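Participant: Here it is: the structure, laid out below.
No lab work stands behind these numbers, since they all come straight from the coordinates. Note that the structure is predicted; figures quoted are calculated from it, not measured. Ideal geometry is used to build each Cβ from the backbone, glycine not excepted, and the neighbour counts take in all protein chains shown.
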Ligand SMILES: [Zn+2]
Ligand SMILES: [Zn+2]
């Protein structure tokens, strides 16, 4: 079962991690995916997938392979 995918977000205009929502009564060739960055949600075709992201070894969130984790970046950001 696919839990997350990496593809270009139409709103962010760049590749991001999308989390797959389970439990939808939809055909197997599509998924309901939500952008981790802007929370833009929609039905996407499986053929849109670039690749599966990897898990961050620090916080366990999905992140794009080779890039730093956005969740860890938020945690580590100096608070105002
Ligand atoms: Zn987005
Ligand atoms: Zn992380």
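Participant: Just grab the label-to-label distance for residue 74 and residue 34, each label 7 Å out from Cα along the Cβ direction, in nm (one decimal).
Facilitator: 1.2
Participant: Also: Tell me, what is the FRET efficiency for residue 55 and residue 25 to the nearest 0.05, using R0 = 22 angstrom and their Cβ-Cβ distance as r?
Facilitator: Taking R0 as 22 Å, the efficiency between residue 55 and residue 25 is 0.20.
Participant: Please list the three semi-axes, largest first and in whole Å, of the ellipsoid equivalent to the chain, using sqrt of 5 times the eigenvalues of its alpha carbon gyration tensor.
Facilitator: 24, 13, 12
Participant: Same structure again: Rounded to the nearest 500 deg cm²/dmol, what is the calculated helix-only ellipticity per residue at 222 nm for the chain, with -39500 (n - 2.57) per DSSP H run of length n ≥ 4?
Facilitator: The per-residue figure over the chain is -2000 deg cm²/dmol.
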